[in-house]
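Read-outs: derived from the displayed coordinates by stated rules, not from any lab. Keep in mind that this is a model prediction, so the values were computed, not measured. For neighbour counting, all protein chains shown are included, and Cβ atoms are generated from backbone atoms with ideal geometry for every residue, glycine included.
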Amino acid sequence: MNHYIWLIRREFWERRAIWIVPAVVSAALILVALFGRTQFISDVPLESPYVGKVYLGLTGALFITIMMLYSTLYLLDCLYDDRRDRSVLFWKSLPISDTDTVLSKLIVALFAIPLVSFVAADVTSLIVAFIVSVRARSMIGGALWEGGAWLQMQALWLYVILTAAIWYLPVAGWCLMVSAWVKRAPMLWSVLPLLVAYLIERFFLGTHYLATLIGGRLGGYAAAAFHGSWNVNDVTSSAWQFMDIGGFFTNRATWIGAAVGAAMVAATIQMRMRRAEV
Amino acid sequence: MPKKNEIPMAPLIEARNLSKRYGSHVALNNANLSIEAGRIVGLIGPNGAGKTSALRAMLGLTTYEGELRVLGREPFRERTALMNDACFIADVAVLPSWLRVDQAIDYVAGVHPRFRRDRALGFLARTQITGKRRMRELSKGMKTQVHLALTMAIDAKLLVLDEPTLGLDILARRSFYDALVNDYMDESRTIVITTHQVEEVENLLTDAIFIDRGRIVLDLSLEDIAQRFLAVSVAADKLEAARALKPFHERHVLGKTVLYFEAMKREQLAEFGELHTPSIADLFVAKLSGGAS
């Protein structure tokens, strides 16, 4: 297990964007808070319980969206870059199995990158709230603690990281497979075969199962992991009630997707064992 | 009763009918070879002869047909375990550009149980290279030094070098081989080198394996080569008589003709002219081109 620490560290050395991207977003938000207009704050009814939740929710959502995009790019590149520059031959000269290599990339994409973003979102939201509170002489900072909003958000984001990792495993597996296989342009190849398959299905069979399947996976996460909506105005309604934990983990789609994703990861490992060149 | 240490050891590398195909192209065609522990073996062949395919197979980087054992293991199935005892430098350009020298050392120290950090640092201390430099900032020669420092600090039984000095200038090449000879070689280690600059490694090798079009055409120790092959510089008037003894290769140099013979007695040839043992490079050309050149 010890060498996983090194494998993951290696990824942080190579991909400095893992922390630079959230740091830049964070810096941008802090600059806006420092120098942006603050008049609108006075219109917000700070005593209402939803302000803190909405604010934390929006900050977190921004970081999570950027993080997901970056994770996808990372997955498409991680097994391609070292084949392209031939450094794969150096990594393969060390006693690290291809299984461990592939799994370490998956762990970085699904857990390490989201956790870094999560911490960045937390720190940023606290700093921005503090700055705005001081500048606008308001108590938005206080609103964060209203009804345990901040703590609930922590639980919510950890839930998102865990469930998104399971839900999007087939997407991650597909990206890894493309990354381990293609000779060039992994981003293009991640889309092209699916597009061709979609067109073939549409013109020759007249159906659109594939589109439904992919659309359901990409867009179906929120519906699978959460109850319809979170009534943030209601103090008694908590993040716990919003999370559909039972529903998510008993959903067949969750586990079928996870199984397909795991199969793709296994296929990636086999490709990685056989392919040392672009 | 033979003493225990007289029982011959199993070869370090043994290949039986080793084949590798890429589609319709046959890179290795039923190659047989065996490499004993403690040897320094040159795997020599023209471009596309199958050298790299053979090395890739030995290092578990590719699938193959036939039987192959390296350090008693099946390379493709057991690459991870094999890499505890074997290491390789596949090409000088393979250290990633973003990696810092100190990170490279930390990483290898972290994942390789037989890596000795003090040795790597000791080797690097003799160079101009500092730990905070990234590979992209280093010259090709310096990168090779880093790679060699990492590799030589691993207590491995087998070291495989695939065209290790490709693209290096003569100074860097010389210092590479000097370091290899002075700091790495000892009896417990086996080295396999492929290169097309045969002259450069000739005085290093204990064995030479010639490979051509996927087949092993010669696999001998240097002592055996000296016993088995002779080159004779023959004056023009004795040429026909010498040719009657069926040389396997002829070469014309500066008005003289050099004939190459296999398995002939020195006495038989001495009358035709000056005898010498062909260099590996000459023998390689002679063996692979056959006939007159």
Span-like helix ranges in chain A, DSSP H, alpha carbon extent 30 angstrom or more, Kyte mean at least 0.0: A:50-78, A:113-136, A:252-274
Shape call, segment B:222-293: gyration tensor on alpha carbons, a/c limit 1.5: oblate
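Are there any trypsin sites (Lys or Arg not before Pro) in segment B:207-293 that are in a DSSP loop and have at most 10 other Cβ atoms within 10 Å? List them by number.
Here the trypsin sites (Lys or Arg not before Pro) that fit, given the DSSP loop and packing criteria, are B:Lys265.
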Sparsely packed trypsin sites (Lys or Arg not before Pro) within segment A:145-208, loop by DSSP, other Cβ within 10 Å at most 13: A:Lys183, A:Arg184
R0 of 35 Å, Cβ-Cβ distance B:Lys140-A:Leu192: FRET efficiency to nearest 0.05: 0.45
Among B:Gly214, B:Gly273, B:Gly23: highest mean-square fluctuation, GNM of chain B, C-alpha pairs under 10 Å: B:Gly23
Around A:Ala267: net Lys/Arg minus Asp/Glu count, Cβ-Cβ under 14 Å: +2
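Fewest Cβ neighbours within 10 Å first, please rank B:Cys87, A:Cys78 accordingly.
A:Cys78, B:Cys87
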Helix B:170-179 vs. chain B, principal-axis angle (Cα, 0 to 90°, nearest 10): 80 degrees
Prolate/oblate/rounded label for segment B:84-128 (Cα gyration tensor, a/c 1.5): rounded
FRET E, pair A:Phe249, A:Gln154, Förster distance 22 Å, beta-carbon r, rounded to 0.05: 0.60
Cβ neighbours within 10 Å from other chains - mean over B:61-67: 2
Shape of segment B:86-209, Cα gyration tensor, a/c cut at 1.5: oblate
Residue range of chain A that is longest and free of GluC sites (Glu not before Pro) which are both DSSP loop and sparsely packed (at most 13 other C-beta within 10 Å): A:48-276
Sparse-neighbour loop sites [chymotrypsin sites (Phe, Trp or Tyr not before Pro); segment B:87-191; at most 16 other C-beta within 10 Å; DSSP]: B:Trp98
MRE, 222 nm, helices only [DSSP H, n ≥ 4, -39500 (n - 2.57), over the protein assembly as shown, to nearest 500]: -15500 deg cm²/dmol
Net +/- balance of residues flanking B:Val198 in space, Cβ distance below 14 Å, scoring K and R +1, D and E -1: -4
For A:268-276, mean number of other protein chain Cβ atoms within 10 Å: 2
Ranking of A:Val132, A:Val88, A:Val260 by count of other Cβ atoms within 10 Å, fewest first: A:Val260, A:Val132, A:Val88
Cut-off 13 Å between beta-carbons: net charge of the residues surrounding A:Asp82, Lys and Arg +1, Asp and Glu -1: +2
C-alpha long axis of helix B:280-289 to longest principal axis of chain B, angle in °: 70 degrees
